[in-house]
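The values are calculated or read from the model by the stated rules, or taken from the named source; none is laboratory data. Given the structure is predicted, the values throughout are model-derived calculations rather than measurements. Cβ coordinates were reconstructed from backbone atoms using ideal geometry, including for glycine residues, and neighbour counts include every protein chain displayed. Surface accessibility is based on the protein's heavy atoms, side chains included, excluding ligands, DNA and RNA. Shrake-Rupley method; radii C 1.70, N 1.55, O 1.52, S 1.80 Å.
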Amino acid sequence: MYFIEQRVFLVLEYHRLERSLTATRSSFQKRFNVLKGPDAKTIRKLFAKFERRGSVDDNRVVNVGPRQTVVISENVAKVSGIVQQNPRNTIRRIASETGLKRSSTQKILRNSLRMFPYKIQSHQAIPTKAVRQRFDFANEILTVIDNEGFDVGCIWFTDEAHFYLNGFVNKQNWRFWGSENPHLCEEKPQHSPKITA
């Protein structure tokens, strides 16, 4: 990117020096006190643009004027309303509903609304009867170890993998958007349908 004054200078010098790229670059370096001048392709393109349009002005409108931002009160209110209705929405879904980019939605959530994605904790739903049975089993094993001299080193442990049949959701994808950690915890049944290998 060159300033308008530099572009005008390049076009005039290139014409004055009878289209000599080396002389034009050298003249540019002296005039603007820079170590490296524009390359040959830049000078040619700028001159061709001047011949074609009669202007060296930059035609990229996106660089003109103040920087546009989507973080305006209207968009912040939209995102805030959606999150209040359902704090478990994903950024992708919120962006889709508001018509904003995902990155813009994330900026609004984090910077404007000061919200963060908290993981929803899950733990096994254990019936009261099972808690009592586990406690009794642990006491019984401890008694066997103490009284009968049972060698704990003789216990074999194996590895197994469970494949769930009910569309079990990965908890890494479970989030709750909020300004404070709600410490949500959701109970799940202990024995959901699965195949163990």
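Rolling a 1.4 Å probe over the protein heavy atoms gives region 4-53 an accessible area of 71 Å² per residue.
Taking the solvent-accessible surface of protein heavy atoms with a 1.4 Å probe, what is the per residue accessible area of region 73-116 in Å²?
Values: 2770 Å² over 44 residues.
About 63 Å² of surface per residue is accessible.
Less than 5 angstrom separates the built amide H of L113 from none of the residues sequence-distant by 5 or more or on a different chain.
If Rh is defined by the Kirkwood formula over all Cα pairs and Rg also comes from Cα, what ratio Rg/Rh do you get for region 4-53? Spell out each step's value before the answer.
On the way: Rg = 9.8 Å, Rh = 10.6 Å.
Ratio value, two decimals: 0.93.
Nearest 0.05, what FRET efficiency do K129 and R102 give at R0 = 35 Å with Cβ-Cβ as r? Kindly include the intermediate steps, with their values, before the conclusion.
Details: r = 47 Å, r/R0 = 1.34.
Calculated value: 0.15.
Beyond 16 Å, how much of the Cα-Cα pair distribution for region 73-116 remains, as a whole percent? Cα-Cα pairs in region 73-116 separated by more than 16 Å: 17 percent.
At 0.36 nm per residue, minus the direct Cα-Cα distance, what do C154 and E18 gain on full extension? Give it in nm, one decimal, please. It would help to have the intermediate numbers written out before the result.
Numbers: separation 136, 0.36 × 136 = 48.96 nm, distance 9.43 nm.
Full extension of this stretch gives 39.5 nm more.
The listed residues V79, V71, once ranked by accessible area (1.4 Å probe) with the largest placed first, stand as V71, V79.
Share of carbon and sulfur in the accessible area of region 4-53 stands at 52%, probe radius 1.4 Å.
The trypsin sites (Lys or Arg not before Pro) found in region 71-148 that occupy coil by DSSP, while having at most 14 further C-beta atoms within 10 Å, are R88, K101, R114.
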